[in-house]
Amino acid sequence: MPRSVLLGTGSALPATRVTNDDLAARLDTSDAWIRERTGIVARRIADASTTTADLATEAAAAALAAAGLPPQAIDLVLVATATPDLTFPATAVRVQARLGIAGGPAFDVAAVCSGFVYALGVADSMLRAGQATRALVIGAETFSRLLDWEDRSTAVLFGDGAGAVVLERRDPPEADDVRAARGLLAIRLHADGRHEGLLHVDGGPGSTGTVGKLRMAGREVFRHAVHNLASVCHEVLEETGLPIAAIDWVVPHQANLRIIEATARKLGLPMERVVVTVHEHANTSAASIPLALDAAVRDGRIREGQLCLLEAMGGGFTWGAALLRV
Ligand code: COA
């Protein structure tokens, strides 16, 4: 059975770094409150002229460079985003054009903070079905544009950025244990629309005709997140028969340090094996996992052959997990 192998990672962050103190200067909040409740110290915010496609293209170019491939090697482009440049065409099509390629499928995946794991699942299915050979899977957001900057309970939590990976369809080597070979070993995705009211954007082209603003019942989201994340992580482990001790790194969606810690505790994983970037990036929605993955690959923590558990939960609710041997 062919599988999807990771060839390279890349990321992009806007230049402007906004600290908690910067926010406290215009909102009734404080650095201490934000750090204590979320672990966030700062976030990057895109300037008015930077779009999601700009960040996505920069991250994609970095991932291609890391993979040592020209854009022409790519025949599938997926962008996971809740903040597309336009209602249509898809941001992925814009990214494809900017990379100087055309012809292969390119589309966006809308699963908010779980978007990158969803897009990995879509890419993996298409690669294994023979519909493409090499995919760019990008998570990219200008989430700051969805925020109600008067609402301190949500405005302090999010940031902008993009991360990307290149995946290639490969036949696994003849091995005694296929789980030891590189590639995506398992992916599980879930959704439950009954909880829309707890985390949503109150506008859209088909309802209000406006973009809308993010609304969230933080405490309830927190409770669902820890439960759903731990449960889906167990599912991918069970599917492969691998024990929790086999995991070298967890690369979680970076929503909140307390959610990350509570989930790791529930799984019985020490924080030394968890990649954390939320302090500097805040919650960048679909971009957060590929941003964290790229950071840990580039600083040498994540190395070829290691087993990574990616997990995310977001609006919908949607949630999912993937086991990736890098
Ligand atoms: N600064 C200061 N005070 C704030 C604040 C801020 N930025 N935001 C909210 N508060 C206040 C509230 O008004 C409330 O005050 P009150 O008790 O006088 O009414 C108090 O802090 C506690 O609010 P609450 O919402 O109960 O806090 P919490 O402990 O649940 O922490 C979150 C809030 C948002 C940090 C937390 O619920 C959380 O992380 N939820 C998950 C959110 C998330 O990550 N979502 C994305 C998933 S993809």
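Observations, loosely collected:
- Sorting I101, I34 by accessible area puts them as I101, I34; the probe is 1.4 Å, largest comes first, and only protein heavy atoms count.
- For the stretch 223-326, applying the loop criterion from DSSP together with a ceiling of 15 other beta carbons within 10 Å to the trypsin sites (Lys or Arg not before Pro) yields R301, R303.
- Probe 1.4 Å - accessible area at M271, Å² to nearest ten: 60 Å²
- Each residue, E238 and R35, gets one label point 7 Å from its Cα in the Cβ direction; the gap between the two is 4.1 nm.
- Förster radius 22 Å - calculated FRET efficiency between A245 and R265, Cβ distance, rounded to 0.05: 0.90
- Radius, Kirkwood style, for the stretch 3-170 when every pair of distinct Cα atoms is counted (Å): 16.5 Å
- With 20 Å bins from 0: P(r) over the chain, alpha-carbon pairs, percent: 35, 59, 6, 0
- Chain lengthening between D21 and R273 when straightened (0.36 nm per residue, less Cα-Cα): 87.7 nm
- Positive-pole candidate from A296, H281, F317, dipole of the stretch 274-326, charges at beta carbon: A296
- Net charge contributed by nearby residues that have their C-beta within less than 12 Å of R145 (K/R +1, D/E -1): -4
- The magnitude of the dipole of the stretch 3-170, with charges of +1 and -1 set on the Cβ of Lys/Arg and Asp/Glu and taken from the Cα centre, is near 680 debye.
- Counting only protein heavy atoms and using a 1.4 Å probe, the accessible area of T57 comes to about 20 Å².
- Largest-first ordering by accessible area, 1.4 Å probe, given options E141, E280: E280, E141
- Per residue Cα convex hull volume in Å³ - calculated over the stretch 84-174: 119 Å³
- Dipole of the stretch 16-171 [Lys/Arg +1, Asp/Glu -1 at C-beta], most positive-end residue of A119, I101, T91: I101
- In this view, the solvent-accessible surface of S49, computed with a 1.4 Å probe and all protein chains in place, comes to about 90 Å².
- A straight chain from A73 to R303 at 0.36 nm per residue would run longer than the Cα-Cα distance by 80.4 nm.
- S231-R194 pseudo-label distance in nm [points 7 Å out on the Cα-to-Cβ vector]: 1.0 nm
- Loop-located trypsin sites (Lys or Arg not before Pro) in the stretch 1-73 (DSSP state other than H, G, I, E, B) with a sparse environment of at most 12 neighbouring Cβ atoms within 10 Å: R26.
- A simple count of charges around L229, restricted to other residues whose Cβ falls under 12 Å of its Cβ and scoring Lys, Arg +1 and Asp, Glu -1, yields +1.
- Ranked order, D22, D28 - accessible area, probe 1.4 Å, largest first: D28, D22
- Qualifying GluC sites (Glu not before Pro) in the stretch 148-178, where qualification requires a DSSP coil assignment and no more than 16 other C-beta atoms within 10 Å, comprise E150, E174.
- Coupling constants for the stretch 134-145 follow from the phi torsions by the Karplus curve (6.51 cos²θ - 1.76 cosθ + 1.60, θ = phi - 60°), and in residue order they are 9, 10, 9, 10, 10, x, 8, 8, 10, 5, 4, 6 Hz; glycine and proline get x.
The values are calculated or read from the model by the stated rules, or taken from the named source; none is laboratory data. Quantities reported herein were computed from a predicted structural model and do not represent experimental measurements. Here the Cβ is made from the backbone with ideal geometry for all residues, glycine too, and neighbour counts use every protein chain on show. Areas reflect the complete protein model, heavy atoms only, side chains present, ligands, DNA and RNA absent. Shrake-Rupley method; radii C 1.70, N 1.55, O 1.52, S 1.80 Å.
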